[in-house]
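All remarks here apply to the structure that follows.
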Amino acid sequence: EISVFRHWGDYDVGTIKEEDEMFGRQYCAKFSDEIISSGSENGYPALVWLSKCDLPDGRRSVSLYKTISGHDSYYIIERVWKGPATDQSIATWKKYMAQVIVCDTRDGDGTCRRPKSVAEAPAPALR
């Protein structure tokens, strides 16, 4: 899922992670999260993390997030597995998340790039 929050430019990329962590600690029987990457991507602050939630009823949810703070908007890219998530599937989606960038086409300096190969990215449909 991709969410775009217009007019939220320069919003802290860590805020959504903090909310995810607060929710997980409150509602999950067991919760863990891991920062995959943090820093600047294409000149914009970005954060990628993986969170795992074991619910009290025995179900498991695994979520991979990427937040990007652009000059004009704030972006949240999220992949949620409800149930088992294989290491291979998570690795594929981490690779996909690394290709997702924000760029300002108004700059005209050529910094807007496309992924090397669309075949490297998973299908956009949730599985």
Mind checking which pairs have a first residue in the stretch 1-25 that is over 30 Å from residue 56 (Cβ atoms) and a second that is open to solvent by 100 Å² or more (accessible area, probe 1.4 Å) and not small (Gly, Ala, Ser), Cβ under 6 Å, 6 or more apart or different chains?
9/71
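This table checks each residue for (1) touching a His at 6+ places or on another chain (Cβ under 8 Å); (2) more than 11 Å from residue 68 (Cα to Cα); (3) at pLDDT below 95.
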{"residue": "6", "(1), (2), (3)": "no, yes, yes"}
{"residue": "10", "(1), (2), (3)": "yes, no, yes"}
{"residue": "14", "(1), (2), (3)": "no, no, yes"}
{"residue": "17", "(1), (2), (3)": "no, yes, yes"}
{"residue": "20", "(1), (2), (3)": "no, yes, yes"}
{"residue": "29", "(1), (2), (3)": "no, yes, no"}
{"residue": "34", "(1), (2), (3)": "no, yes, no"}
{"residue": "40", "(1), (2), (3)": "no, no, yes"}
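Out of all the residues in the stretch 1-27, which are open to solvent by 80 Å² or more (accessible area, probe 1.4 Å), over 13 Å from the mean Cα position of the chain (by Cα) and under 18 Å from residue 45 (Cβ atoms)?
Across the stretch 1-27, the qualifying residues are 6, 7, 8, 10, 12, 18, 19.
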Going through the stretch 89-108 one residue at a time, which ones are modelled with pLDDT under 80 and either part of a helix (DSSP H, G or I) or surrounded by fewer than 10 Cβ atoms within 10 Å (Cβ to Cβ) (or both)?
105, 106, 108
Could you tell me which residue of the stretch 28-37 is nearest to residue 91 (Cα to Cα), considering only residues that are surrounded by 13 or more Cβ atoms within 10 Å (Cβ to Cβ) and under 14 Å from the mean Cα position of the chain (by Cα)?
36
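Just to verify a result, which residue in the stretch 38-65, among those that are on the phi < 0 side of the Ramachandran plot and assigned to a loop (DSSP other than H, G, I, E, B), is most open to solvent (accessible area, probe 1.4 Å)?
59
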Qualifying residues in the stretch 66-88 (those that are among the charged types (D, E, K, R), out of contact with any helix residue (DSSP H, G or I) (no Cβ under 8 Å at 6 or more places or on another chain) and outside any loop (DSSP other than H, G, I, E, B)) - the one least open to solvent (accessible area, probe 1.4 Å):
78
Criterion violated by residue 85 - all others in (1) within 15 Å of the chain's Cα centre (by Cα); (2) more than 13 Å from residue 17 (Cα to Cα) satisfied
(1)
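The values are calculated or read from the model by the stated rules, or taken from the named source; none is laboratory data. Quick caveat, the model's predicted, so the values are computed rather than measured. Using ideal geometry, Cβ is built from the backbone for each residue, glycine included, and neighbour counts are taken over all protein chains shown. These area figures cover heavy atoms from the full protein model, side chains too; ligands, DNA and RNA do not enter into them. Shrake-Rupley method; radii C 1.70, N 1.55, O 1.52, S 1.80 Å.
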